[in-house]
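The values are calculated or read from the model by the stated rules, or taken from the named source; none is laboratory data. Everything numeric in this text was worked out from a predicted model, so none of it was measured. All Cβ positions, even for glycine, are placed from backbone atoms using ideal geometry, and neighbour counts span all protein chains on display. These area figures cover heavy atoms from the full protein model, side chains too; ligands, DNA and RNA do not enter into them. Shrake-Rupley method; radii C 1.70, N 1.55, O 1.52, S 1.80 Å.
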Amino acid sequence: PFTRTWRPAPSASSSGRPVVLFPDTFTNHLAPAAGHAAATVLTAAGLRPTVPRRAVCCGLTYVTTGQLDQARAVARRTLDRLAPALAADLPVTVLEPPCAAALRTDVPELLPDDPRAARLATLVRTFAETLEEYAPDWTPPRVDRPVVGQTHCHQHAVLGDAPDRRLRERAGLTGSLSAGCCGLAGNFGFEKGHYDVSVACAEDQLLPALRTAPTDAVVLADGYSCRTQIAQLTARDSHHLAEILADALP
């Protein structure tokens, strides 16, 4: 898991702006490379990322399966474990778009009686938002390749992707990402009876874009579900934006 292995780089500046890197369940247990890459890039940008000492979770999986009491319990536990960050007014960088959206919208709605929920919502930043807001003078490495892939549904609906587009442009990643939905949608595509619909959603825009993309195109998908769908329905590897930038660092 990411939280058990990540340590600040020896060269990390002790005077850099501290930011919390939120180790969501997907990143922590299924895609730790994205977490390590994000820590590397944030450090390169002059920031000082830290991770909570104990596991945290946005609770979205429980929300989407109707387990609202469990979602509230998980959210309160997360607020308890993020108490030092809330007290210090630290930005909380969340790599998974659905987790960022849940912390901004679902958690305050689930816990209207807990002012910490609303406070956390104001501190949540996506990876690109963190770099744009807290390291505005940092120059990202040049990738200079075409890009293809998926903008996560929660970025379309809740978060917005303007900072992501600006960051890609500064890194020389040319082209646009697919709209629509990858079709996996968290647990939806894994449930019995949903496979055909899941693949049909992917065939609407994402899969055709991947088939017609240049062979040297970088396949980008910040959401773990999107990357899983791409891996299972194509022969292409896809990556979080943090991984692409980390690989291009000198």
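Of the residues making up the range 103-120, those that are farther than 19 Å from Asp222 by Cβ, open to solvent by 20 Å² or more (accessible area, probe 1.4 Å) and part of a helix (DSSP H, G or I) number 7.
Scanning the range 194-213 for residues that are over 19 Å from the mean Cα position of the chain (by Cα) and open to solvent by less than 70 Å² (accessible area, probe 1.4 Å) yields His194, Ser198, Val199, Ala200, Cys201, Ala202, Leu207, Pro208, Ala209, Leu210, Ala213. The range 124-234 holds helices (runs of 4 or more DSSP H) entirely within its bounds, and those carrying 1 or more residues that are within 19 Å of Leu95 (Cα to Cα) and in contact (Cβ under 8 Å) with a residue 12 or more places away in the chain map to 127-134, 162-170, 224-233.
Residue under question is Arg116, and the condition is that it be in the same structural domain as Asp216 (by the TED database) and either in contact with a Gly (Cβ under 7 Å, 6 or more places away or on another chain) or of a type in the set (D, E, K, R) (or both); does it hold? Judged against the criteria, Arg116 is not a match. State the number of residues belonging to the range 214-237 that are in contact with a Lys or Arg (Cβ under 9 Å, 6 or more places away or on another chain) and open to solvent by 20 Å² or more (accessible area, probe 1.4 Å). The total comes to 4.
Give the residues of the range 88-102 that are closer than 27 Å to Ala33 by Cβ, open to solvent by 10 Å² or more (accessible area, probe 1.4 Å) and in contact with a Pro (Cβ under 8 Å, 6 or more places away or on another chain), sorted by residue number. Of everything in the range 88-102, just one residue is closer than 27 Å to Ala33 by Cβ, open to solvent by 10 Å² or more (accessible area, probe 1.4 Å) and in contact with a Pro (Cβ under 8 Å, 6 or more places away or on another chain), namely Leu90.
Restricting attention to the range 147-161, the residues being open to solvent by less than 30 Å² (accessible area, probe 1.4 Å) and either of a type in the set (A, V, I, L, M) or over 15 Å from Asp222 (Cα atoms) (or both) number 3.
Which residues, counting only those in the range 127-143, are exposed (fewer than 15 other Cβ atoms within 10 Å of the Cβ) and in contact with a helix residue (DSSP H, G or I) (Cβ under 9 Å, 6 or more places away or on another chain)?
Let us first name the residues in the range 127-143 that are exposed (fewer than 15 other Cβ atoms within 10 Å of the Cβ), namely 133, 136-137, 139, 142.
Hits for the range 127-143 are Glu133, Thr139, Arg142.
Is it true that Leu90 is assigned to a loop (DSSP other than H, G, I, E, B), closer than 14 Å to Val124 by Cβ and not basic (Lys, Arg)? Considered against the rule, which asks whether it is assigned to a loop (DSSP other than H, G, I, E, B), closer than 14 Å to Val124 by Cβ and not basic (Lys, Arg), Leu90 comes out as yes.
Restricting to the range 64-87, name every residue that is in contact with a Leu (Cβ under 9 Å, 6 or more places away or on another chain) and open to solvent by less than 80 Å² (accessible area, probe 1.4 Å).
Going through the range 64-87, the residues in contact with a Leu (Cβ under 9 Å, 6 or more places away or on another chain) turn out to be 68, 71-72, 75-76, 78-79, 82, 84-86.
Answer for the range 64-87, where residues must be in contact with a Leu (Cβ under 9 Å, 6 or more places away or on another chain) and open to solvent by less than 80 Å² (accessible area, probe 1.4 Å): Leu68, Ala71, Arg72, Ala75, Thr78, Leu79, Leu82, Ala85, Leu86.
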